[in-house]
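Working notes for the structure below.
The values are calculated or read from the model by the stated rules, or taken from the named source; none is laboratory data. As the structure is a prediction and not an experimental result, all values here were calculated from the model. Cβ coordinates were reconstructed from backbone atoms using ideal geometry, including for glycine residues, and neighbour counts include every protein chain displayed.
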Amino acid sequence: MEFHHISVLPQETLAGLITNPDGIYVDCTLGGAGHAGRIAERLTAAGRIIGIDQDAAAIAAAKEHLAGARCRVDIVHDNFRNLENILQTQQAPLVDGVLFDLGVSSYQLDTADRGFSYMQDAPLDMRMNPEAELSAYEVVNHYEEEDLVRIFKEYGEERWAKRIAQFITIARKEKPVATTGALVELIKKAIPAAVRHGAGGHPAKRVFQAIRIEVNDELGILEKAFRTAVRHLKPGGRIAIITFHSLEDRIAKNTLRDMARGCICPPELPVCVCHHRPEIKLLDKAVTAGPEELENNSRAKSAKLRIAERLTEG
């Protein structure tokens, strides 16, 4: 299948991120280079893009997409959890901008055998890096029931987490839950029909999100990666973060807000003694997609863009 992904909020992202056409920009979630391709169009021959992705299919597509870029392009097959080492290896200690476009790509959702979608029957997988050890199959078939409950509640905010986990653990005693279709049927059985038919969206949406987050440790790596990115920004450089659900957006919002704080002394102290200085300046509120983009790309519905600017070298 050809790698296809429609980048969300492209104009808003580039307008907020690009400050220096000769600069160095890091795309931590390269994908098929939708955003990176647009960044490349705005850079001169002196500019540079460092693209990072853990998916080999994305790497191949990005290389093809960026083949004609006039700026320098360096593509790294890795996870942005290793951003510190990547920038060191690339000899780029300070950069002009860093982009995070979080979540799963259109290509991964639409490629049935990747096992991300509850709309297509496929082997349970959900690994963004196909070489990783932990898959959705392992989570569903080998995690303890209480761990499944926790994951469904914390990562999926699923009201029926306990009941769904019970149905899964009972079913897997007879035979493994091996496919997305089998998991969807269990979820449907676990959720009372009146609730299932009255709720908005697919009944398996929240559980699939939760399992995907667990498999790829999507939330666990975010705060550290955001802080690393800011630490490597030049003064005036910018970080842009696109999120797709409330959990990752909460981490982005809280982390940026924390780095934008000045004094962190206890409120009862009459004067500041910490001398803590803000690292970044928040730029506007979260940006969401407009009507025209939503009409052409339904996956932009939940997207939020947050941008901040580096104030000091730390």
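Of all residues being of a type in the set (Gly, Ala, Ser) and crowded, with 20+ Cβ neighbours inside 10 Å in the stretch 81-108, which is modelled with the lowest pLDDT? Just the residue, please.
By that ranking, first place goes to 105.
Take residue 272 and tell me if it is of a type in the set (A, V, I, L, M, F, W, C), in the same structural domain as residue 89 (by TED's automatic domain parsing), surrounded by 13 or more Cβ atoms within 10 Å (Cβ to Cβ) and assigned to a loop (DSSP other than H, G, I, E, B).
Taking the combined requirement at face value, the residue does not satisfy it.
Just need a number here: residues in the stretch 133-171 that are under 11 Å from residue 214 (Cα atoms), aliphatic (A, V, I, L, M) and either at pLDDT below 95 or surrounded by fewer than 19 Cβ atoms within 10 Å (Cβ to Cβ) (or both).
Residues that pass the stated criteria total 1.
Out of all the residues in the stretch 26-33, is one or more within 15 Å of the chain's Cα centre (by Cα), modelled with pLDDT of 95 or more and of a type in the set (Ser, Thr, Tyr)?
Yes, that holds for at least one residue.
With the stretch 1-107 as the region, which helices (runs of 4 or more DSSP H) entirely inside it contain at least 2 residues that are under 21 Å from residue 296 (Cβ atoms)?
Hits in the stretch 1-107: 10-17, 34-42, 56-65.
Only one residue in 261, 238 is of a type in the set (D, E, K, R), in a loop (DSSP other than H, G, I, E, B) and either surrounded by 12 or more Cβ atoms within 10 Å (Cβ to Cβ) or in the same structural domain as residue 156 (by TED's automatic domain parsing) (or both). Which one?
Within the list 261, 238, the selection yields 261.
Residues in the stretch 230-264 that are in contact with a strand residue (DSSP E or B) (Cβ under 7 Å, 6 or more places away or on another chain) and within 21 Å of residue 104 (Cβ to Cβ): how many?
Of the residues in the stretch 230-264, 7 are in contact with a strand residue (DSSP E or B) (Cβ under 7 Å, 6 or more places away or on another chain) and within 21 Å of residue 104 (Cβ to Cβ).
From the list 55, 78, pick out the single residue that is acidic (Asp, Glu) and surrounded by 20 or more Cβ atoms within 10 Å (Cβ to Cβ).
Just one listed residue meets the conditions, 55.
Taking the stretch 279-303, which residues are in a loop (DSSP other than H, G, I, E, B) and surrounded by fewer than 15 Cβ atoms within 10 Å (Cβ to Cβ)?
290, 301
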